[in-house]
Amino acid sequence: MQNLQALIQGKISPQSINIDELVEMAKKHQQENSAEYKLIEMAVNIVLAKHLEKAQKFI
C-alpha cells in the first residue's frame with residue numbers, strides 16, 4: 001500500500017506499479033467504503049491513464 005500512496009503523491013512513476021499486483025490487491029479489498037479500496041481505485045486509474053496515454057501515441 002505504501003507504493004500506491006507514493007504513486008498518488010507523485011513520488012514514483014505509474015510504470016513502476018505492477019498491474020497484476022493491483023488486481024490481486026483489488027481482489028483482497030472489495031469493500032467500496034474502505035480506505036484501501038479507494039487507494040487501489042485511485043492507483044488503478046493513474047496506471048491505466050498512463051498506459052492509455054502511451055498507447056495513444058501509437059495510434
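The values are calculated or read from the model by the stated rules, or taken from the named source; none is laboratory data. Only a predicted model underlies this, so the values are computations on that prediction, with no experimental measurement involved. All Cβ positions, glycine included, derive from the backbone under ideal geometry; neighbour counts span all protein chains shown. Calculation scope for accessible area: heavy atoms of the full protein, side chains included, ligands and nucleic acids excluded. Shrake-Rupley method; radii C 1.70, N 1.55, O 1.52, S 1.80 Å.
A few remarks follow.
- Secondary-structure-derived ellipticity at 222 nm for the chain, considering helices only, amounts to -21000 deg cm²/dmol, per-run term -39500 (n - 2.57) for DSSP H runs with n ≥ 4.
- Dipole of the chain computed with +1 at Lys/Arg Cβ and -1 at Asp/Glu Cβ about the Cα centre; of LEU39, GLN9, GLN56, farthest Cα towards the positive end is GLN56.
- A Cβ-based charge dipole, computed about the Cα centre of the chain with Lys and Arg at +1 and Asp and Glu at -1, lands at about 220 debye.
- Residues in the chain average 78 Å² of solvent-accessible surface per residue, probe 1.4 Å, ligands and nucleic acids excluded.
- Excluding exposed DSSP-loop trypsin sites (Lys or Arg not before Pro) (at most 15 other C-beta within 10 Å), longest clean stretch of the chain: 12-56
- Whole-number percent relative contact order across the chain, with pairs defined as alpha carbons under 8 Å at least 6 apart: 39
- Taking a ≥ b ≥ c as the square roots of the eigenvalues of the Cα gyration tensor, an a/c ratio of 1.5 or more together with a/b larger than b/c marks the chain as prolate.
- Cleavage-rule hits, GluC sites (Glu not before Pro), the chain, DSSP coil, Cβ neighbours within 10 Å at most 11: GLU32
- Inter-label distance, nm, simple model (7 Å from Cα along the C-beta direction), ALA6/GLN31: 2.7
- Accessible-area composition of the chain, carbon plus sulfur, in percent [1.4 Å probe]: 52
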